[in-house]
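The values are calculated or read from the model by the stated rules, or taken from the named source; none is laboratory data. Just so it is clear, the model here is predicted, and its values are computed rather than measured. Don't worry about glycine lacking a Cβ; one is built from the backbone with ideal geometry, like all the others, and counts go over all protein chains shown.
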Amino acid sequence: MGTGMRFDFSTILFIAVVITGLIWLIDARVFKPKRLANAGEGETPSTPVIAEYSKSFFPIILIVLVLRSFLVEPFKIPSGSMMPTLLIGDLILVNKYAYGIRLPVINAKIIDIGEPKRGDVVVFRYPRDPSIDYIKRLVGLPGDHVSYRGKRLYINGKPVEYKPVGTYIGSGSGVNMTGNRLVAENLDGVNHQILVEPTPYEHPYNCMRNNEFVVPPGQYFMMGDNRDHSNDSRFWCSVPEQNLVGRAFMIWMHLDDGINWERIGNDIE
């Protein structure tokens, strides 16, 4: 499935770069020489406001576009699907080049740099609506046999290391998750915590026959750390490689009923 064209902030930045750049270029090459030729001796002709603004804003907008498209992009966590790793109100930074350099807007990869790893926290374009960005944990690589039974994750027939550590106590917008089981999970050396409800009930998973799924070539299986409250690959299947946006690596701010200073600067594992 292709990613489609996203009319988002990056698209707006790209259009702004093109427009301001063209105005600045046309004025410098066409209209400015005419103004100088028509000006009297010792007279400095005035530059039209739109050309002056374009000249001033073009380099600024271009720098912002380059930073967001190729290096780092900020995102805000709007839901609790990645609790307890990420909380509602977390403002995170995403490494845009971790999985390769892509052109803005069209999202075409031009340089391979790294491959997604099992356990990465990944931002990607939702396969059913590429205009929406999702964030989940990558649990299944191409070719993996993923199983989820009894609220336990199995990769290629082997259970992922799983150790109950207590009862979760939520706060702020996540207070309704209080009472869930807090579990330590080790996914190929990536140690993180997940939440599971204490009840044995499991949802019917649309994309998992008998709670099993084989990840197709060039695709990835994603799950939220809040296992019973996550709309993920169990329901809408795997994510094509071209939908990947980048790897989340740091919380730079938390805004939910005030600032949580303890979360600022935390690495995302």
Checklist entry - So which of TYR201, TYR148 ends up being in the same structural domain as MET83 (by TED's automatic domain parsing) and either part of a strand (DSSP E or B) or touching a strand residue (DSSP E or B) at 6+ places or on another chain (Cβ under 8 Å) (or both)? => result TYR148
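Of the residues ASP267, ASP225, ASP257, which single one is more than 17 Å from LEU195 (Cβ to Cβ), in contact (Cβ under 8 Å) with a residue 24 or more places away in the chain and either among the acidic types (Asp, Glu) or surrounded by 13 or more Cβ atoms within 10 Å (Cβ to Cβ) (or both)?
Testing whether each residue is more than 17 Å from LEU195 (Cβ to Cβ), in contact (Cβ under 8 Å) with a residue 24 or more places away in the chain and either among the acidic types (Asp, Glu) or surrounded by 13 or more Cβ atoms within 10 Å (Cβ to Cβ) (or both) leaves just ASP257.
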Checklist outcome for this item: Exactly one of GLY218, GLY179, GLY224 is under 19 Å from GLU161 (Cβ atoms), small (Gly, Ala, Ser) and modelled with pLDDT of 95 or more, and that one is GLY224
Checklist entry - What do you reckon, is LYS158 within 24 Å of VAL122 (Cβ to Cβ) and more than 25 Å from the chain's Cα centre (by Cα)? => result yes
Checklist entry - If ASN107 satisfies every condition in (1) at pLDDT below 95; (2) surrounded by 14 or more Cβ atoms within 10 Å (Cβ to Cβ); (3) part of a loop (DSSP other than H, G, I, E, B); (4) at negative phi but one, which is the exception? => result (4)
Checklist entry - Which of the following residues is in contact (Cβ under 8 Å) with a residue 40 or more places away in the chain and of a type in the set (Val, Ile, Thr): VAL49, VAL64, VAL18, VAL30? => result VAL64
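Residues checked against (1) in the same structural domain as VAL105 (by TED's automatic domain parsing); (2) part of a loop (DSSP other than H, G, I, E, B):
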{"residue": "GLU43", "(1), (2)": "no, yes"}
{"residue": "GLU52", "(1), (2)": "no, no"}
{"residue": "LYS55", "(1), (2)": "no, no"}
{"residue": "PRO59", "(1), (2)": "no, no"}
{"residue": "LEU62", "(1), (2)": "no, no"}
{"residue": "LEU67", "(1), (2)": "no, no"}
{"residue": "SER79", "(1), (2)": "yes, yes"}
{"residue": "MET82", "(1), (2)": "yes, yes"}
Next on the checklist: Among the residues in region 137-148, are any within 30 Å of LEU65 (Cβ to Cβ) and in contact (Cβ under 8 Å) with a residue 60 or more places away in the chain?
Outcome noted: yes
